Structure formats: structure tokens, C-alpha cells
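Take a look at the structure below.
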Amino acid sequence: GIQPATVEPKATEHIAEIIALVQALVTKGVAYQVNGDVYFQVERYGAYGRLSKRKLDDMQAGARVEVDERKRHPKDFALWKNAKPGEPAWDSPWGPGRPGWHIECSAMSMKHLGETFDIHGGGADLIFPHHENEIAQSCAATGKEFARYWLHNGFVQINQEKMSKSLGNFFTIREIFEKFPAPEKVTAEVVRYFLLSTQYRGPIDFSDEALRQARAGLNNFYDLLLRMDEKTLSKESADGDVKELLSKFAMAFEQAMDDDFNTPVALAEFQRLRSELNTRLQAGLSREAKTEARAIFLRFGQVLGLFQVPVKEWEFKESRVVLSAGEIERLIAERNEARSKKDFAKADVIRKELASQGIILEDRPDGTTRWKR
């Protein structure tokens, strides 16, 4: 469900733009050349450190002794690096060399998004120095704001360690799909649900059990959607406050997403709505109410990329319903006997046990009980 990028730029295809940006910084007097290397002079950009909340004086006090003495400040960073044997190199006004890491991103961003754009993303480990340096060189070159909003995601962790190739705990989405065959099949929506369960700025702990829990959570939602597709057994209707319920959900969902994309809270609002609708379904909902509720799930689910699989095609885990019809009838008989003896606590336990297996009960006015999966 993820759309491909419109452009996937490569630094090697933007050497001309990179050299032009470096030259602009040299011309403005905020960059200087030393033996074929070009450095950005951080002291010439007064707002340096604003993204990472660091002060330049503190950075200088904590600088290591082995800092390149050719630099005017320990935190001055390379815009262009002099050619070294065995490295790729391009001709430039300062001699053969290659771009620094930070300048590549500024040049490519400006080329395709303009001198100012809305959102710049990246991992939390890039805040300093990479993104801090991007801001400094970009704003110093143009005199304009570079990016209006900065979004930094937390890490995926395994056993409290960051997932990375260097640690050997790295694997792909495709490998996750292959690891979980039916009946515990992990689909794209299951992985998405798992990721959304943590706010994007925080770390998220990956485990097989977490994926199983995510699948179980989605099963519950698709089970509700499946039952809302079925015809209402009861003539009575518990529509009542359904419109108000859906309206409150919409407001709460938007409030959660407005709070820096707080997806865990948004999912909690979905869970609350599911619980409320389950209660009303047992009493009976009209076709109109079901249609409105399904529309809400699809509309707001689309924001998160959830509930987009046609309900008839959703592959429930095979152990979702394990009770036979005979076992269900036996438990209903036990429940009815408990009710006749006014042992409502036992009756409620049996009802909840059946509900956990996806069995919905309907107590009829004539004293009989109907059930459906």
C-alpha cells in the first residue's frame, strides 16, 4: 500500500548542483577552502544548533584534541573533499574531489522540492550532525527557511538493540512474510498495524509475539466488519446513539492524529468504537447503522492503511473459532440453566467465553437463545 517515490535522486547525478551550492557558500563568505577541501564555517551561521538544541560554545568546549587543525572551528564540516587515491572524484573549482555527505542532501532537495519545502524526515540518529548541517548550509545559501517541519522516527529494536546490518539482526519485510505461513500468516496490514501501535518518534520492539498480537487485533476488527455484513436477526434495533458514537469517534481520531500523529491513541479509539459496536450488534442494529459504521471504519482506516482488504477475503487464523455446534448448544444450555437459577455471574462468564470464540448470542422474548458465528 506504499506508493513509490516520484523521484529517487542519486548524488552522482547532481554533481553540478552540488558544486554550484558549495560555490554560493564560498562566495557569501560562510565557507572556506583549505588544500582542496571546502569547509562550512559554523560560526558564520548564528542559528547553528537550533534543531538539536545544542550551543556552539558547548560543542567547542567538548571538542576532542585530535580535531583537524586546519578547521577554524572544531564543528566546521566538509562541503567538498579533496580527491584521495582509489576514491571517485569529479572536477571542481577547488580541484578534483567529491561532495561531503551533508551538501548532497541539500542540493538534491532544492533541485526537486525548491529552496523551501514542508516536511523533512529521517531517523532520530540523523538530527545531529546531518540535519543540523543541512539547515545551516541551506539557510546560509538562500537566506530562506529550509524545511518547515522535521519528523524523526525512532528505531526498530530487537532485544533492546537497534536493528541494523552491522549487528546481524537485520531482515526485510519480505522475509517476515515468508516466516509466518498459514494459519498465522502475516500480511502487509498486520505489519502496518504493529508499526502503528507505537508513536513514530519512539522506539518499537519487534518480536514474533508482537506480530501475532497485531494479527489478533486485526482479526477482531475484521470479525466485526464481517458480522456487520450479515443480516440483522432481530427486529428490535439498538441504533439509539450510534450516530453520536460515530461522530465522537471521528473527533477523537482526528484529535489523536493532530497530536503529532499519535497513532497508538488513534488505534485505541478504533478499539473503543469496536467494543461499543459489538455491544450494540448483540442487541440488533439496523442495516443503515451498519452501513454508516462500516463507512467510518473504511474512511478513517484508509488514513492508516488499515481495513482495506475486502472482508470476505480476509484470512482469519484457523483457530479463531474452535467450538463445534454441539459444544455451543451445550454451553448455551448451561447458561440458560444458570439464568433460571439467577446465577447471573456464571451466565455472564459463559456468554463471554462464547464471545471470545466469535459466537454471538441473541436472547429471544420467548425465552429461547439463538446464536451465530
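The values are calculated or read from the model by the stated rules, or taken from the named source; none is laboratory data. As the structure is a prediction and not an experimental result, all values here were calculated from the model. Neighbour counts run over all protein chains shown; Cβ positions are idealised from the backbone, glycine included. All accessible areas refer to the heavy atoms of the entire protein, side chains included, with ligands and DNA or RNA removed. Shrake-Rupley method; radii C 1.70, N 1.55, O 1.52, S 1.80 Å.
Taking residues in the range 260-282 that are part of a helix (DSSP H, G or I), and partners anywhere that are aromatic (Phe, Trp, Tyr) and surrounded by fewer than 20 Cβ atoms within 10 Å (Cβ to Cβ), the pairs with Cβ atoms closer than 8 Å and at least 6 places apart or on different chains are Thr263/Tyr200.
Can you find even one residue in the range 74-85 that is loosely packed, with under 11 Cβ neighbours inside 10 Å, small (Gly, Ala, Ser) and in a loop (DSSP other than H, G, I, E, B)? Scanning the range 74-85 turns up no residue that is loosely packed, with under 11 Cβ neighbours inside 10 Å, small (Gly, Ala, Ser) and in a loop (DSSP other than H, G, I, E, B).
With respect to Leu167, is the statement that it is at pLDDT 90 or above and open to solvent by 50 Å² or more (accessible area, probe 1.4 Å) true? Taking the combined requirement at face value, the residue does not satisfy it. Of note, Gly62 does not satisfy the criterion of being of a type outside the set (A, V, I, L, M) and at pLDDT 95 or above. Can you pull out every residue in the range 1-20 that is buried (at least 16 other Cβ atoms within 10 Å of the Cβ) and among the charged types (D, E, K, R)? Hit for the range 1-20 is Glu17, nothing else.
Filtering the range 205-218 to residues that are surrounded by fewer than 17 Cβ atoms within 10 Å (Cβ to Cβ) and either of a type in the set (A, V, I, L, M) or touching a Gly at 6+ places or on another chain (Cβ under 6 Å) (or both) leaves Ala210, Ala216. Considering the range 120-144, and only residues there that are closer than 24 Å to Met163 by Cβ and among the aliphatic types (A, V, I, L, M), the residue that is surrounded by the fewest Cβ atoms within 10 Å (Cβ to Cβ) turns out to be Ala124.
All told, Arg227 falls short of being open to solvent by 60 Å² or more (accessible area, probe 1.4 Å) and touching a strand residue (DSSP E or B) at 6+ places or on another chain (Cβ under 9 Å).
Of all residues in the range 170-183, those being open to solvent by less than 80 Å² (accessible area, probe 1.4 Å) and in a loop (DSSP other than H, G, I, E, B) number 5.
Being in contact (Cβ under 8 Å) with a residue 12 or more places away in the chain, loosely packed, with under 14 Cβ neighbours inside 10 Å and part of a strand (DSSP E or B) is a property that Gly29 lacks. Figure legend. Inter-residue proximity from the range 337-362: first residues surrounded by fewer than 18 Cβ atoms within 10 Å (Cβ to Cβ), second residues modelled with pLDDT under 80 and among the aliphatic types (A, V, I, L, M), beta-carbon distance below 6 Å, spacing 6+ or different chains. Indicated pairs: Gln357/Val321; Gln357/Leu323; Glu362/Leu233. So is Phe221 part of a helix (DSSP H, G or I), surrounded by 13 or more Cβ atoms within 10 Å (Cβ to Cβ) and within 18 Å of the chain's Cα centre (by Cα) or not? Spelling it out, it is not the case that Phe221 is part of a helix (DSSP H, G or I), surrounded by 13 or more Cβ atoms within 10 Å (Cβ to Cβ) and within 18 Å of the chain's Cα centre (by Cα).
Of the set (1) under 30 Å from Ala78 (Cα atoms); (2) open to solvent by 70 Å² or more (accessible area, probe 1.4 Å), all apply to Ala147 but (2). Applying the condition of being open to solvent by 50 Å² or more (accessible area, probe 1.4 Å) and at pLDDT 90 or above to the range 184-204 and asking which residue is farthest from the chain's Cα centre (by Cα) yields Ala188.
Of Leu354, Leu298, Leu277, all but one fail to be over 31 Å from the mean Cα position of the chain (by Cα) and farther than 22 Å from Tyr200 by Cα; the exception is Leu354.
In the range 221-251, the residue that is nearest to Ala182 (Cα to Cα) out of those that are of a type in the set (S, T, N, Q) and modelled with pLDDT under 90 is Thr232. Residues that are open to solvent by 30 Å² or more (accessible area, probe 1.4 Å) and either more than 19 Å from Gly154 (Cβ to Cβ) or polar (S, T, N, Q) (or both) within the range 248-267 comprise Lys248, Met251, Glu254, Gln255, Asp258, Asn262, listed in sequence order. Number of residues in the range 32-53 that are surrounded by 19 or more Cβ atoms within 10 Å (Cβ to Cβ) and of a type in the set (Gly, Ala, Ser): the value is 1.
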